[in-house]
Every structure is written in structure tokens, then in C-alpha cells.
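Working notes, beginning with the structure itself.
The values are calculated or read from the model by the stated rules, or taken from the named source; none is laboratory data. The model shown is predicted, which means the values in this text are computed figures rather than measured ones. Glycine gets a Cβ as well: all are built from the backbone with ideal geometry, and neighbour counts include every protein chain shown.
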Amino acid sequence: MKKNRDVKVLFMGTPEFCVPILESLIDNYDVVGVVTQPDREIGRHHELKPSPVKECAVKNGILVLQPNKIRKEYAEILKRKPDIIVTCAYGQIIPKEILDYPKYGCINVHASLLPKYRGGAPMQRAIMNGEEKTGITIMYMDEHMDTGNIISVREIPILDSDNFATIHDKMSILGRDLLLETLPLILDGKNESIVQDDSAATFAPVITREDEKIDFNRNARDIFNHIRALSPFPGAYATLDGKVVKIYDSYVKEEFYTEKENGEIGKIYKDGLGVSCKDYEIVITDIKFEGKKRCLMKDYFNGNDGEKFIGKVFNKD
């Protein structure tokens, strides 16, 4: 793509997902500033940690702005006089004063096939709900959450081998590439602007602690999707012997044991724990016991007796 240094772009985003997108803008346009969330305290020592987007901007010598409340603190953003604003997973609602400013508008790179999965956790929710595909939507921004007119869309399949980590990385690159293809159309006035069908909208609220807990009363396929949707972060969990167990990978084994309680460990396989569900069995293969390091069950069995798990029931506290 031909570089266009005459167009002033301001980028707004926060997590690692945004970094390839920001890097591509820096390589091809005049990025006059980056807006990201304030540094956050992490760990026991409450050390301030900058966002991945801030780290990328600082590395490239780009001005960084970090308003606590962008609805009230936007004057410095407008001083950059951007021709277009690109947002991606920024984390705050953008006020009308910013939306109305740029010549070419404000556009958003959203990680779903809108109008499906509006909200803060579209990739996790799509996997969790067993969707066979997802994708990137680039849209104009308005004052509501992910409701603006659609400019461009690109799909990718969700494979059984995918989890949140793999979809996250694929979608990040897909967003980068689609944005680079779409921006010249916007600047030349040749892009589409399609009104979303609100009647087809679904929502993807951020993941809560309650969402992370596995319900073994569900079908095995639903549990399989739940586990991979949250792997490796934050990780789905259950309790066993009153302790929290994080579960990162599994597979469905189409066997049904009517005499087993849902959540009961009924078999030990070479690679995992066979757990009864509503219909079939889910085999847990990648786990982290409370106070221990994450490990594959096949490695755990090399030095531990797997038979001790037989008859134990998850979430029976």
C-alpha cells in the first residue's frame, strides 16, 4: 500500500489485540497521537503497568494521552487536529465532541460480525456460544455501543482446535489487514456505509467471575466451548475437594454413563480425566490445581496416581 503521510490519524486503543493495527498505521500514515487507558496497578507491589498500546506508541515516539474520563478530558485530543480517528478496544465511550471532529469521521475495528456480538467480549462469547465463524467489522462510530454504519467486513472460521488465544491472534492480524484495505476507500470517498439491522443484534458483555465457572449439568459440547473460550485467560474453573481448579483444554468423548452424577470423574484416560455431563463425557486434559503450576494431565499421571480422582465430583462443595 502506498504510504500517505498527509493524512493525520489519531489512534485509540488499549490491549495487545490493538498493537498490530497501531503498528500498521504508524508504518503507513502520520499518527499524531495515541489515546489509551491509564496505567494500571498490578501484582502484590501495585506496580504501574502501561497498556500494550502505550508501550508500542512510546517505542515509536508517538504522543500518548491517557484521560481518566474521556467524556470530560478531550481538549488535548482535538488539539492534535486528526483527519480521521481509528479506535479498537479502547475501553471508554467516545463523546460526541470527538466523534464530530475529524474530516473523515471516527471508525472502529470491532472483533465480531456486527450486528452480532456488540460489546466488550465478542471473541470469547462467539466461541462460548459455539459459533462456526467470526470476523472483523469496520464501522463508523456513533454515540452508542457498536451500532454505527458498517464499512467493511471479513470472516474467518472458528475451528475446534481454536481457543481464545488463537482466535485473538488471528483476528488481530485480520483487523490490521482489513483496516489497511479499507482506509484508502474512506479517504477517497468510495467506501460503503450500511445501516445495521438492530433486530439481528446480539450482545457480548465482558466476562465476569460467574461466567468463568463451569456448569457440568450442561452438554459436553457446551462445556468444551466454554473451556476454550476462556483459555488461556482468564481460564474456566470448577471446584474439586473445596479447592479451585482452572481448566484450559478438553475434548468430548461420546459415551454416556447414566449411573454417574453430572460432574463426577468416572474414568481415567492416558491424557485426562473423564467427567460425566448432561449427555456425554468431557475429558479434561490441561489443568491447574490450586497452589500448583498448570500442567497437562498426561504429565501429571507420570508421577501421580490418577485413580484417586475416581468418584470425585466437581463443584460439590
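Here are some notes:
- Test: residue in the stretch 274-283 that is crowded, with 20+ Cβ neighbours inside 10 Å, in the same structural domain as residue 225 (by TED's automatic domain parsing) and charged (D, E, K, R): yes
- Scanning the stretch 136-169 for residues that are in contact (Cβ under 8 Å) with a residue 12 or more places away in the chain and part of a helix (DSSP H, G or I) yields 164, 165, 167, 168.
- Among the candidates 231, 250, the residue that is assigned to a loop (DSSP other than H, G, I, E, B), surrounded by 15 or more Cβ atoms within 10 Å (Cβ to Cβ) and of a type in the set (Ser, Thr, Tyr) is uniquely 231.
- Selection within the stretch 28-49: residues that are free of Cβ contacts under 8 Å to residues at least 12 places away in the same chain and outside any strand (DSSP E or B). The member of this set that is nearest to the chain's Cα centre (by Cα) is 43.
- For residue 133, the conditions (1) surrounded by 21 or more Cβ atoms within 10 Å (Cβ to Cβ); (2) free of Cβ contacts under 8 Å to residues at least 60 places away in the same chain all hold with the exception of (1).
- Selection status of residue 172, in a helix (DSSP H, G or I) and without any contact (Cβ under 8 Å) to a residue 40 or more places away in the chain: no
- Only a single item in (1) closer than 29 Å to residue 166 by Cα; (2) among the basic types (Lys, Arg); (3) assigned to a strand (DSSP E or B) is not met by residue 5, and it is number (1).
- Restricting attention to the stretch 279-309, the residues that are more than 14 Å from residue 248 (Cβ to Cβ) and over 28 Å from the mean Cα position of the chain (by Cα) total 11.
- Selected residue [surrounded by fewer than 21 Cβ atoms within 10 Å (Cβ to Cβ) and more than 30 Å from residue 203 (Cα to Cα)] from 65, 99, 48: 48
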